[in-house]
Amino acid sequence: MKKNTFVLLLALLLGSTAFAQNATIKIDVDRTIGEIDPNIYGVFMEPIHFNGARMGLPDSVDFNTLYGTLYDPASPKANEDGFRKDYIDAMKELKITNMRWPGGNFLMGYDWKDGIGLKDQRPTRINLAWGGKDNNHVGTDEWMKLNKSIGSENVVAVNLGLGSILDAAYWVEYCNYKGGTYYSDLRAKNGHAAPYNVKIWDLGNEVDGLPWELGHKNAEDYVETAREAAKAMKAVDPSIKLVGSGSSYYEPTGKWIDWNRKVLNGIGDKIDYLSIHRYWEGGSPDNYYAYMGDGAMDFDEKIKIVAGQIATASVQNGFKHPIHLSVDEWGAFARNFMAVLPIAQCLNSFIRHADVVKMANFTMLTSLLSNDTKNGTFKSPVFYTFKAFSNNCTGTSVDTYVSCDTFSTAQYKDIPYLDVTAVYSKETNTIVVNVINRHQDKAITADVISTSGNFSGKAEASIVNSDDLKAPFDFAKQAQYAPVTKEAKFNGNKLTYTFPPHSFTQIKAGLTK
């Protein structure tokens, strides 16, 4: 074979292989970002009612995310409190740390007093946010029981939309006051003599959400209401921590930035967290790279900007206490693998910003399991991806350096194909490396290098992947969704691994410093 023919053939063969250029990942456990707060592994729940008339769907659609789903006393899977044990067991397996309730948009038209006492005496109300009826059979005491069965903490959001400041204070009294007052004694009468001691309370929900939120307020009015609510609620229980309602309405003029600034300056002395809500915004899933790239950059950008605002407000106002960021609604909603990489990237963002993100709540609890109307719930790649983080990524977020090929979209340039975070546990001397290969078609081989010690023990890689990004999750295929575990070989401080296209891989290894 002539030399030039051989070179041409070799070039064609190399060009057809499904590998991008080699990459380098450097990890330095001595350069810490911050301690990962287990509260980032929380969930959010509210009774969202889907019906045809309101959702633009066929009139036969009638579905509630809470009633008949998570709460279904008639189900053989229900526990003594009426909650489905398959969901409870799944949350235990995921090690869910907290649950934010009862909303959500539902909250801003909700009167908590409708949801206490004997169930057959509770009023049925119109769900003002989502339509349909709410019989209030799941109220404060039931939410408390659900959290207890999971082993998670309660995060209660008070109604600062159509509700009153006094009702917010009364709710704290019902939950936390020891006894001898009207609402604490009413709690005891309802069968719960000991206080619930709820630690974290949200001052409203998405109050900036002008187009959709009941009781929307401008920033100035919200600050005045929230300040007075904080004073009243802490008069009942001074130990509680409060969450200010940050940005959720990202309209194109950037008013959301101004909203956060005014809220921080106005009630920063009263709050321990500022919340933001952000769902995956990458455009259409039909445009893979725009969906993955724009969504990832946008999500991380929202965290970075608000983290900077918190730092600025703290210096300007001389706040003596830290204000942390709570991303207490987030998620991606595809019912196929197009949701998996976004969820992994969001969790990577929380770890990357572990110094400021100290709480997060996935929307919603019931979405972490897939559900087949005939066969019931099952664990999809969404479940296993969340589990990989919640079970293995506790400890210290540490610095990572990534050198790899990039891609661009119309909105963002030079987006790395590899999205990487690393978590170090000093107690067990282990390192966990989370790698998302965003390349749609090509595997990427990377040298993972520890700059502060050698790898040790047995290194394992756990891979969540799918050949078909658009195939709906299928009950019959659930056995295929569990992560594939492989050995990851290393030599000293260098571990080389090939990450499949459109995949999430978690590598666990010992580390000898």
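The values are calculated or read from the model by the stated rules, or taken from the named source; none is laboratory data. Everything numeric in this text was worked out from a predicted model, so none of it was measured. Neighbour counts run over all protein chains shown; Cβ positions are idealised from the backbone, glycine included. In case anyone asks, the SASA skips ligands and DNA or RNA and just uses the protein heavy atoms, side chains included. Shrake-Rupley method; radii C 1.70, N 1.55, O 1.52, S 1.80 Å.
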Could you size up the charge dipole of region 397-508 around its Cα centre, putting +1 on the beta carbon of Lys and Arg and -1 on that of Asp and Glu, and report it in debye to the nearest 20? 180 debye
I want to check the label-to-label distance for Arg335 and Asn190. Put each point 7 Å from Cα in the C-beta direction and report it in nm to one decimal. 3.5 nm
Net charge around Val223, counting only other residues with Cβ within less than 14 Å of its Cβ (Lys, Arg = +1; Asp, Glu = -1)? -1
Accessible area per residue, Å², the chain with all protein chains present, probe 1.4 Å: 43 Å²
Calculate one ³J(HN,Hα) per residue across region 493-508 by plugging θ = phi - 60° into the Karplus curve 6.51 cos²θ - 1.76 cosθ + 1.60, and present them in order as whole Hz with x for glycine and proline. 9, 10, 10, 10, 9, 9, 9, x, x, 5, 9, 10, 10, 10, 9, 10
Just to be sure I follow the definition: excluding the sites themselves, where is the longest run in the chain that has none of the chymotrypsin sites (Phe, Trp or Tyr not before Pro) in a DSSP loop with at most 14 other Cβ atoms within 10 Å? 1-211
Ordering His439, His321 from largest to smallest accessible area (1.4 angstrom probe), what's the sequence? His321, His439
Based on Cβ point charges of +1 for Lys and Arg and -1 for Asp and Glu, what charge dipole magnitude is obtained for region 283-387 about its Cα centre, in debye rounded to the nearest 20? 360 debye
Using the basic label-point model (7 angstrom from Cα toward the beta carbon), what is the Leu162 to Val484 distance in nanometres? 5.2 nm
5 Å is the cut-off here: which amide hydrogens, built 1.01 Å from N in the peptide plane, fall below it relative to Val29, excluding neighbours closer than 5 in sequence? Thr451, Ser452
Using a 1.4 Å probe and ignoring any ligands, DNA or RNA, find the accessible area of Lys486 and quote it in Å² to the nearest 10. 110 Å²
Considering only Ala23, Tyr71, Gly293, whose Cα is most displaced toward the positive end of the charge dipole of the chain, charges sitting on Cβ of Lys, Arg (+1) and Asp, Glu (-1)? Ala23
Go through Gly115, Gly161, Tyr384 and say which Cα lies farthest out towards the positive end of the charge dipole of the chain; charges sit on Cβ, +1 for Lys and Arg, -1 for Asp and Glu. Tyr384
Net charge near His324, counting Lys/Arg +1 and Asp/Glu -1 over other residues with Cβ under 10 Å of its Cβ? -1
Keeping all protein chains in the complex and leaving out DNA, RNA and ligands, what accessible area do you get for Ile351 with a 1.4 Å probe, in Å² to the nearest 10? 0 Å²
Select from region 252-344 those GluC sites (Glu not before Pro) which occupy a DSSP coil region and have at most 15 other Cβ atoms within 10 Å, ordered by residue number. Glu281
Net charge around Glu487, counting only other residues with Cβ within less than 12 Å of its Cβ (Lys, Arg = +1; Asp, Glu = -1)? +3
How much accessible area does Val402 have with a 1.4 Å probe, in Å² rounded to the nearest 10? 50 Å²
Around Ser380, which amide H atoms from residues at least 5 apart in sequence, or from another chain, sit under 5 Å from its own amide H, with H modelled in the peptide plane? Ser370
Given the rule -39500 (n - 2.57) for each run of at least 4 DSSP H residues, summed and divided by the residues of the chain, what is its mean residue ellipticity at 222 nm, to the nearest 500 deg cm²/dmol? -9000 deg cm²/dmol
Using θ = phi - 60° and Karplus 6.51 cos²θ - 1.76 cosθ + 1.60, couplings along region 443-455 (whole Hz; Gly, Pro as x): 6, 10, 8, 10, 8, 9, 10, 8, 8, 9, x, 9, 5
Explain nothing, just the number: dipole magnitude of the chain about its Cα centre with +1 on each Lys and Arg Cβ and -1 on each Asp and Glu Cβ, in debye rounded to the nearest 20. 1200 debye
So what's the Cα pair-distance distribution over region 126-225, bin width 5 Å, in %? 2, 11, 18, 20, 20, 15, 10, 3, 0
Sulfur and carbon atoms: percent of accessible area, region 241-346 [1.4 Å]: 52 percent
